[in-house]
1. Take peptides 43-49, 75-81 and line them up by average Cβ neighbours within 10 Å, highest first, as a rough protection proxy.
2. Can you compute the FRET efficiency between residue 75 and residue 55 using 1/(1 + (r/R0)^6), with r the Cβ-Cβ distance and R0 = 22 Å? Round to the nearest 0.05.
Amino acid sequence: KATAKAKATAKGAVVRTGEKQAADPAETHIQRHLEQQRARRKYRSKRLQYQFLFKAGAFLVMLFVVLVTKQVQAWYDAYKARQNGTLTDGGDAPGKMPWEKKEGELDASRGALGLLGGADLRCVGRQGSG
């Protein structure tokens, strides 16, 4: 019985169609080695890709945790200051949360438009005298 890939000849010999016939065993050995080499490269590249994705994902998760923790700390400090009725850092009124500030309000330690620090404002008047 001949398979789909094999075809019977008049002499009864089976000739395979659709397959490359190697001239000698050295070529088959080389072909097998090259296939293994390609498979190894493909495996390495996939492994590196997944490793990079894992590390990037871990970094993003940690960044998210740090940012949420900082926001919770800021909220908790303002909450405690409001409960105590005292100022924690000498800034805003104790009843105001950090995210409740309006855009036009200036912080006492900031300069014009909130861009310069308090130390920079003290030095502005001294520039001409010296």
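1. Result, highest mean Cβ count within 10 Å first: 75-81, 43-49.
2. Working: r = 31 Å, r/R0 = 1.39.
Result of the calculation: an efficiency of 0.10.
FYI, it's all coordinate maths here, none of it is from the lab. Since we're looking at a predicted model, the values are computed, not measured. Don't worry about glycine lacking a Cβ; one is built from the backbone with ideal geometry, like all the others, and counts go over all protein chains shown.
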